[in-house]
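Report on the structure given below.
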Amino acid sequence: MRRGALLMVCVAGCGPFVRVDRQAETRPEITVEDVRSRIYRVSHDSMQGRAAGETGNVIMTAYIARELARIGLEPGGDNGTYFQTVPMVRRRPDSTSSLTIGNEALRVFADFAPIRPTSSLRSGTGLLAAQAATVYGGRAGDTTVSLRPDQVAGKIVVLDAPLGGDGKPTAVYATPTGLSVSRFPAAAAVAVAAYDLVSAAARASIRGQGNGLSVYADKPPLAVIISREAAVKLMGAPLESLRPGAPGRTVSARIGFLDTPVAAPARNVIGILRGSDRRLRAQLVAIGAHSDHIGIDSRPVDHDSLRAFNKVMRPEGRQTALRTPTPAEQGRIRSILDSLRRLAPPRPDSINNGADDDGSGSVAALEIAQALASGARPRRSILFVWHTGEEGGLLGSSWFADNPTVSRDSIVAQLNMDMVGRGQDSLRGPPRTLQIIGSRRLSTQLGDVVEAVNRARPSPFRIDYSYDAPRHPLNRYCRSDHYNYARRGIPIAYFSRGYHEAYHMVIDEAQYIDFEGLAEVARLVRDVAVAIAEREQELVVDKSRMNPLAPCLQ
């Protein structure tokens, strides 16, 4: 890692003084050395986990803006700057929220808890205060159930807990967002009976900050997670005895949220590389990544103990449900930890550095920007956007898509990179696997361009489209910033190398990044962007566009 001298400066628009450093200039071409240097920088402890609305993310966005100025990109943000301010607030459930059935009041944070719906829901009061009937909607995630709008309009839809891969009820993705809310758009609220399955730590998090950040007021259907006992009281019968559409009891409901300002400015970083063709340069090929991560945990854990545990028990980090190891699994964990202990003593850590998520995509975008700015410019312009608040619900990209600093109609495609620095085959050598999602969902031609560019490479990536399958249980098409472009009818391609044991963990650090593979992803995305920018004709949107205000449905 190349380190520069540290100094205290005030970056325009960033509020308080922050610590930044002057890094030795990187080379024009995309190199492994520069990728490594940048990754160590953006995932350093001084970035404090880069949480949106916190000082660490301000430091990160200041660094990106300085690099764009050094590279020579045109500012694409507010008022001639590289920044677009995102009016973010921290949203938590109102502890005075109530659900009353007859004379019996359910206990907030014991029997139920309000949960903020997805960020794709737009303006509204964010408050449900009414007498509402209840209706049973089946099991969360079961898309075979279809209720008529008149059966759910203005009612609280009660759902049983979703089933995990083992066929048992689970709290993973049990919060009533995405599929659950989109199934019942006319409902007053959606309540999932999975609160008993939520860990004590998750309950504390819900009580303290709910889903955390927001840029829009929520509107019905609001969302609630409830205990199974509460669900029985709401419906007046055990859930297993009910058929979808069965009526329940009438409830007096008051459900709301409280907003407080974030600690530091939340902002997207935007730069533009103007194209060379006067006829086509008004059109933009967008390249994106997210600058934020999940910040600092409330208590430290031992780095190597967590690595050993996750290698056996949670191969996809927080994506894998937590469970108690068997004696055999415990033995494997102990063996791995013993090997790690011979290399280093215990090292407690609480900072989620996010080297892969999404330090890798952010660095790749910077490398692409410098490479394109240093050579012959493509015919169309290239728009670079580092979104903030992805981890809080795609908030920065949602704000940019609804309040673009450029003409939204001028964006002909968006290429999103999220977690492109590792993957399951990072250390196995080429050909590496690259997951691509959404490349043909709006434009068949975009998918064709991606395939053709990859085939022309000396060592093509092995492309995995499995996560792009309709109704895939991980719903990944809806879980990164590209979605907010797609909902506005802009063709997208989402590039990722997938989950690993460090996902959303303090062990997502620079030392585990596959720098060579990351540089190769950056080169591929650069070449795809150039191929789109050089086309004589704009990409044809030949698939159905979605309702931009509807919750995402993979």
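Here are 165, 126, 208, 141: which of them is part of a loop (DSSP other than H, G, I, E, B), closer than 24 Å to residue 91 by Cβ, at pLDDT below 90 and of a type in the set (Gly, Ala, Ser)? I'd like the intermediate steps shown before the answer.
Working: 165 fails: closer than 24 Å to residue 91 by Cβ; 208 fails: part of a loop (DSSP other than H, G, I, E, B); 141 fails: closer than 24 Å to residue 91 by Cβ.
Being part of a loop (DSSP other than H, G, I, E, B), closer than 24 Å to residue 91 by Cβ, at pLDDT below 90 and of a type in the set (Gly, Ala, Ser) holds for just one of 165, 126, 208, 141, which is 126.
Among the numbered conditions (1) hydrophobic (A, V, I, L, M, F, W, C); (2) in a loop (DSSP other than H, G, I, E, B); (3) within 26 Å of residue 285 (Cβ to Cβ), tell me where residue 518 comes up short.
Against the list (1) hydrophobic (A, V, I, L, M, F, W, C); (2) in a loop (DSSP other than H, G, I, E, B); (3) within 26 Å of residue 285 (Cβ to Cβ), residue 518 comes up short only on (2).
Of everything in segment 99-117 that's outside any strand (DSSP E or B) and within 30 Å of residue 553 (Cα to Cα), which residue is modelled with the lowest pLDDT? Spell out the reasoning first.
Pass one, segment 99-117, residues outside any strand (DSSP E or B): 102-103, 107, 109-111, 116-117.
Filter once more, so that each one left must be within 30 Å of residue 553 (Cα to Cα): 109, 111, 116-117.
Values: 109: 94, 111: 96, 116: 65, 117: 54.
Here the residue is 117.
Kindly evaluate residue 467 against the criterion of being of a type outside the set (A, V, I, L, M), farther than 30 Å from residue 28 by Cβ and part of a helix (DSSP H, G or I).
Values: of a type outside the set (A, V, I, L, M): yes; farther than 30 Å from residue 28 by Cβ: yes; part of a helix (DSSP H, G or I): yes.
Against the criterion (of a type outside the set (A, V, I, L, M), farther than 30 Å from residue 28 by Cβ and part of a helix (DSSP H, G or I)), residue 467 qualifies.
Consider residue 308 against the criteria (1) of a type in the set (A, V, I, L, M); (2) in a loop (DSSP other than H, G, I, E, B); (3) within 29 Å of the chain's Cα centre (by Cα): it satisfies all of them except one. Which criterion is unmet?
(2)
Take residue 499 and tell me if it is under 22 Å from residue 322 (Cβ atoms), within 16 Å of the chain's Cα centre (by Cα) and crowded, with 24+ Cβ neighbours inside 10 Å.
yes
Just one of (1) over 24 Å from residue 366 (Cα atoms); (2) of a type in the set (A, V, I, L, M, F, W, C); (3) modelled with pLDDT of 95 or more trips up residue 493, so point out which.
The failed condition is (1).
Looking for whichever is over 25 Å from residue 112 (Cα atoms) and modelled with pLDDT of 95 or more here; the options are 314, 249. Which one fits? Can you show your working first?
Numbers: 249 fails: over 25 Å from residue 112 (Cα atoms).
Criteria check complete, one pass: 314.
Considering only segment 252-262, I want to know if a residue exists there that is within 23 Å of residue 484 (Cβ to Cβ), buried (at least 16 other Cβ atoms within 10 Å of the Cβ) and either of a type in the set (Val, Ile, Thr) or assigned by TED's automatic domain parsing to the domain that holds residue 381 (or both). Explain how you work it out, then say what you get.
Applying the first criterion (within 23 Å of residue 484 (Cβ to Cβ)) to segment 252-262 yields 257, 259, 262.
So of that shortlist, the ones also buried (at least 16 other Cβ atoms within 10 Å of the Cβ) come out as 257, 262.
Next, from what is left, pick out any that are either of a type in the set (Val, Ile, Thr) or assigned by TED's automatic domain parsing to the domain that holds residue 381 (or both): 262.
The answer is yes; a qualifying residue exists.
Suppose the filter is assigned to a strand (DSSP E or B) and in the same structural domain as residue 141 (by TED's automatic domain parsing); does residue 288 pass it?
Working: assigned to a strand (DSSP E or B): yes; in the same structural domain as residue 141 (by TED's automatic domain parsing): no.
Judged against the criteria, residue 288 is not a match.
Let's see how each residue does on (1) in contact (Cβ under 8 Å) with a residue 40 or more places away in the chain; (2) of a type in the set (Gly, Ala, Ser); (3) closer than 30 Å to residue 528 by Cβ:
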{"position": "263", "(1), (2), (3)": "yes, yes, no"}
{"position": "290", "(1), (2), (3)": "yes, no, yes"}
{"position": "301", "(1), (2), (3)": "yes, no, no"}
{"position": "309", "(1), (2), (3)": "no, no, no"}
{"position": "312", "(1), (2), (3)": "no, no, no"}
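Based on what the data block shows, is residue 84 part of a loop (DSSP other than H, G, I, E, B) and either among the polar types (S, T, N, Q) or modelled with pLDDT of 95 or more (or both)? Give the steps one after another, and end with the answer.
Details: part of a loop (DSSP other than H, G, I, E, B): no; either among the polar types (S, T, N, Q) or modelled with pLDDT of 95 or more (or both): yes.
So residue 84 does not fit the description; no.
Among the residues of segment 173-197, what is the count of those that are at pLDDT below 85, aliphatic (A, V, I, L, M) and either outside any loop (DSSP other than H, G, I, E, B) or surrounded by fewer than 19 Cβ atoms within 10 Å (Cβ to Cβ) (or both)?
Total satisfying the criteria: 2.
The values are calculated or read from the model by the stated rules, or taken from the named source; none is laboratory data. Just so we're clear, the structure is a prediction, and the values are computed from it rather than from any experiment. So basically every Cβ, Gly included, is an ideal-geometry build from the backbone, and we count neighbours across all protein chains shown.
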